[in-house]
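Novice: One structure coming up, written as structure tokens, with questions to follow.
Where a number appears in this text, it was derived from the coordinates with a stated rule and is not lab data. Model, not experiment: these values are computed from the prediction. Here the Cβ positions follow ideal geometry from the backbone for every residue, glycine too, while neighbour counts run over all protein chains shown.
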Amino acid sequence: MTDVCTDSAVEVRGLTRTFGVRKALDKVDFDLPRGAFLSVFGPNGAGKTTLVRILTTLSAPSKGTVKVCGLDVVEQSDKLRSKIGLISHNPLLYPDLTAEENLQFFADMYGVENPAQRARELLIAVELDHRRLDTVRTFSRGMLQRLSIARALLHRPEMLFLDEPYSGLDPHAMDILDNLIAQVRHDHTFVMISHDLDKGLELCSHALILARGKVVLSAPKEEIDVDDFKQTYRSTVGMGVA
């Protein structure tokens with residue numbers, strides 16, 4: 001089995017994840033081509049974060065198969081982790097280390113060449129170089145999110161997973177994230193969870209709506225009527241948790 005992304009960056013078949021008697025995901029199927037940008041929408045409790053946790057090897061399916069970059073998320077999770085980056089609500093940083101120490105730690109963990117140089121490049125890119133020697137516990141929410149973006153990009157992953165990446169960002173930090181996505185978009189495949197329909201549809205090449213753990217709609221952007229899509233999304237908001 002290949003270690004690089006094939007034409008399908010993500011292949012999901014019959015994905016089910018249960019917690020007790022509740023199905024967080026229920027027979028989810030979809031494919032995502034390499035180089036695509038998928039925006040995942042859905043009401044609270046729809047299963048969006050559970051989906052991303054499985055795609056990033058942080059949780060295992062109860063049933064079904066999931067491949068990311070041609071690798072099984074359960075059987076080949078170690079290989080897969082070197083190929084993906086995750087930006088989530090949890091910045092996944094060490095509060096008592098400086099910004100520079102955090103990035104160098106993760107760079108060493110991933111075997112990044114010239115870790116100090118790579119860390120400095122990204123600190124400049126996210127406009128935190130002036131705070132590189134400050135401990136992370138002194139950072140604002142927006143600064144933490146910007147540093148977590150740098151952490152996720154350190155090892156130049158083939159796929160980036162973004163779980164509400166704009167949450168907690170001020171307008172300037174949002175612009176920084178937009179610019180970073182634009183800079184690396186041609187080299188990556190993206191999966192983003194978003195509650196912001198306009199932003200998610202602006203960025204995506206593919207869109208998916210989840211509700212009660214099921215796929216309500218999945219299509220390439222060029223096949224989507226925006227007004228119909230927004231109406232379909234609005235109709236899921238009152239569906240509640242599965």
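Novice: Any chance you could give the angle, 0 to 90 degrees and rounded to 10, that helix 141-153 forms with the longest Cα principal axis of the chain?
Specialist: So the inclination is approximately 90 degrees.
Novice: Do the sum for the chain: with -39,500 (n - 2.57) for every DSSP H run of n ≥ 4, divided by all residues, what is the mean residue ellipticity at 222 nm, to the nearest 500 deg cm²/dmol?
Specialist: Calculated from helices alone, the mean residue ellipticity at 222 nm is -9500 deg cm²/dmol.
Novice: Among 173, 37, 229, which residue has its Cα furthest toward the positive end of the charge dipole of the chain, with +1 on Lys/Arg Cβ and -1 on Asp/Glu Cβ?
Specialist: Selected residue: 229.
Novice: What does the highest-first list of 171-182, 41-52 look like by mean Cβ count within 10 Å? Numbers along the way, then the final one.
Specialist: Details: 171-182: 14.6, 41-52: 22.5.
Sorting 171-182, 41-52 by mean packing, highest first, produces 41-52, 171-182.
Novice: In nanometres, what is the gap between the two model label sites at residue 78 and residue 135, each 7 Å from Cα along Cα-to-Cβ?
Specialist: Label-label distance for residue 78 and residue 135, simple model: 3.5 nm.
Novice: Another question about this same structure. Decide, for the chain, between rounded, prolate and oblate: order the square roots of the alpha carbon gyration tensor eigenvalues as a ≥ b ≥ c, take rounded if a/c falls under 1.5, and otherwise choose prolate if a/b is larger than b/c, else oblate.
Specialist: On the way: a/c = 1.76, a/b = 1.46, b/c = 1.21.
Note, shape of the chain comes out prolate.
Novice: Also, I was wondering about something else. Given 0.36 nm per residue, what is the gain on full extension from residue 31 to residue 13 after removing their alpha carbon distance, in nm?
Specialist: On the way: separation 18, 0.36 × 18 = 6.48 nm, distance 0.87 nm.
Using 0.36 nm per residue and subtracting the Cα-Cα distance, I get 5.6 nm.
Novice: What is the fewest-to-most order of 198, 31 by other Cβ atoms lying within 10 Å of their Cβ? Walk me through the numbers before you get to the answer.
Specialist: Values: 198 10, 31 15.
So the ranking, lowest neighbour count to highest, is 198, 31.
Novice: Now a separate question. Taking the Cβ of each residue in 113, 202 as the centre, tally the other Cβ atoms inside 10 Å and list the residues starting with the fewest. Display every interim value, and only then the final one.
Specialist: Values: 113 8, 202 11.
Placing the least packed residue first, the sequence is 113, 202.
Novice: Output the relative contact order of the stretch 1-98, whole-number percent, from Cα pairs under 8 angstrom with separation of 6+ residues. Could the numbers behind the result be given before it?
Specialist: Working: 148 pairs, mean separation 30.8, N = 98.
Relative CO of the stretch 1-98 lands at 31 percent.
Novice: Set the bar at 28 Å for Cα to Cα. Now go through 63/199; 48/230; 83/221; 79/230 and name every pair that lies beyond it.
Specialist: On the way: 63/199 32 Å; 48/230 17 Å; 83/221 26 Å; 79/230 38 Å.
With Cα atoms farther than 28 Å apart: 63/199; 79/230.
Novice: Determine the shape class of the stretch 92-156: with a ≥ b ≥ c the square roots of the Cα gyration tensor eigenvalues, call it rounded for a/c under 1.5, and otherwise prolate if a/b is greater than b/c, oblate otherwise.
Specialist: On the way: a/c = 1.66, a/b = 1.48, b/c = 1.12.
Cα axes put the stretch 92-156 in the prolate bin.
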